[in-house]
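Structure, as structure tokens:
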Amino acid sequence: MLDSKLEFTQEKWFKKIMEGDITVAEVAYTLKVTSNKRVPIYVDNVFSNTKPFNYDEIELKSSSITP
């Protein structure tokens, strides 16, 4: 799997109800491609979409994991 990620900032509001205080801050987010329950699809080595695993594929993956 390729290392695809998207980094961006978002304005987030933090509320302290008891103090009656609201602060606004820029928060950095990083979104990464994971393959927990879905298969990533790449087109020309660029992440494009995902599709769900079939039940049989999940069973095969979980049985091959050793603790």
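So the values come out like this:
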{"read-out": "Partner lysines for K32 [C-alpha distance under 22 Å; skip if fewer than 8 residues away on the same chain]", "value": "K5, K12, K51, K61"}
{"read-out": "For V39, residues with placed amide H under 5 Å, excluding near neighbours", "value": "K51, F53"}
{"read-out": "The stretch 4-13 - phi-based ³J(HN,Hα) in whole Hz, Karplus 6.51/-1.76/1.60, Gly and Pro as x", "value": "9, 8, 10, 10, 7, 10, 9, 6, 10, 9"}
{"read-out": "Simple spin-label estimate for E7 and N49 in nanometres, 7 Å along Cα-Cβ", "value": "3.0 nm"}
{"read-out": "Gained length - Y42 relative to A28, 0.36 nm times residue gap less alpha-carbon distance", "value": "2.5 nm"}
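All of the numbers you see were taken from the coordinates with simple rules; none came from a lab. Treat the numbers as computed from the prediction; the structure is a model and nothing was measured. Using ideal geometry, Cβ is built from the backbone for each residue, glycine included, and neighbour counts are taken over all protein chains shown.
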